[in-house]
1. May I ask for log10 I(q)/I(0) of region 132-204 at q = 0.13 Å⁻¹, from a Debye sum over the Cα atoms as equal point scatterers with solvent left out?
2. Given a 1.4 angstrom probe, what's the average accessible area per residue across the chain, in square angstrom?
3. Residues with beta-carbon under 14 Å from that of residue 103, excluding residue 103: net charge, scoring Lys, Arg +1 and Asp, Glu -1?
4. What is the local net charge at residue 144, summed over the other residues whose Cβ is closer than 14 Å to its Cβ (Lys, Arg +1; Asp, Glu -1)?
5. Kindly write out, for region 82-90 in residue order, the coupling ³J(HN,Hα) from the Karplus curve 6.51 cos²θ - 1.76 cosθ + 1.60 (θ = phi - 60°), rounded to whole Hz, with x marking Gly and Pro.
6. Might you report the magnitude of the Cβ-based charge dipole of the chain about its Cα centre, with Lys and Arg at +1 and Asp and Glu at -1, to the nearest 20 debye?
7. Please state the charge dipole magnitude for region 1-126, taken about the Cα centre, from unit charges on C-beta atoms (+1 on K and R, -1 on D and E), reported in debye and rounded to the nearest 20.
8. Percent relative contact order of region 141-232, based on C-alpha pairs within less than 8 angstrom and at least six residues apart?
Amino acid sequence: MSKIGIIGAMDLEVDALKAEMSVTSTTKRASMEFLEGTLNNTKVVIVKSGIGKINAALCAQILIDEFDVSHIINTGVAGSLNADLDIGDILISKDAVHHDMDVTIFGYKLGEVPQMGIREFPADEKMIEVAMATCKEVNPDINVRKGRVASGDQFISSKEKKQFIIDNFDGDCAEMEGASIAQAAYLNNIPFVIIRAISDKADDSAEMDYPTFEKAAAKHSANLVKHMICKL
Ligand code: ADE
């Protein structure tokens, strides 16, 4: 039976889901609270990882080792790198890449994790399709598309940095956790998908837009997660 691990970096990315779940136990590991129980008739473990790639990777590994999850979903907000993705729209990961990994000096591609032979970590096809179909069903007014998540330990808020990530990684959205969850899932052979609602354009307007739109965007993403988990 499916047991879905759901990771959000911040309270506002998981609070709506926690509020609706029926909790059977709470466990603290690495200063993170893992809530086990059911949501929408599905076994889940919901956790706030904290922000950034290291928190997210630790969190994913704990979910796999200690909670035996069968799938991982990362829900949250992101900055748009694609002119077709506006604030409030939703991106479903086709794959995820580290935009701040650079070992090009030794012949690796920019973003490639050395000695792993992989640069983009692919999301699970079934989870992608379930997320896309569910989004169209429960959020018919929201524009949704598949794309590439570009992750780094940086909040992207300049035209130049945004363009760098577009030019070098062909990313569709920028955030700070997805690729490390993807890498942990890949190493453990666990299917994953990243769902991100757009809170800003990852450029000079991001500083203003992000605080204005993060709450509504996080809710869109969480609502989709709630409705898709029973179909996995
Ligand atoms: N999360 C939401 N917006 C972001 C941005 N512009 N850069 C990185 N992470 C984000």
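The values are calculated or read from the model by the stated rules, or taken from the named source; none is laboratory data. Fair warning: this is a prediction, and the values are worked out from it, not measured in the lab. All Cβ positions, even for glycine, are placed from backbone atoms using ideal geometry, and neighbour counts span all protein chains on display. Ligands, DNA and RNA are stripped out before the accessible areas are found, and what is left, the full protein with its side chains, is counted by its heavy atoms. Shrake-Rupley method; radii C 1.70, N 1.55, O 1.52, S 1.80 Å.
1. Once normalised to I(0) and log-transformed, intensities are -0.46.
2. On the way: 9990 Å² over 232 residues.
Solvent-accessible surface per residue comes out at 43 Å².
3. Values: positive: 109, 119; negative: 100, 102, 112.
It works out to a net charge of -1.
4. Values: positive: 94, 136, 145, 146, 196; negative: 84, 86, 89, 129, 137, 141, 172.
So the environment of residue 144 carries a net charge of -2.
5. Running phi through 6.51 cos²θ - 1.76 cosθ + 1.60 with θ = phi - 60° gives 10, 4, 7, 10, 9, 4, x, 6, 10 Hz.
6. Details: 24 positive and 35 negative charges, 120 e Å.
Value, rounded to 20: 580 debye.
7. Details: 11 positive and 19 negative charges, 69 e Å.
I would put it at about 340 debye.
8. Details: 91 pairs, mean separation 25.8, N = 92.
Value for region 141-232: 28 percent.
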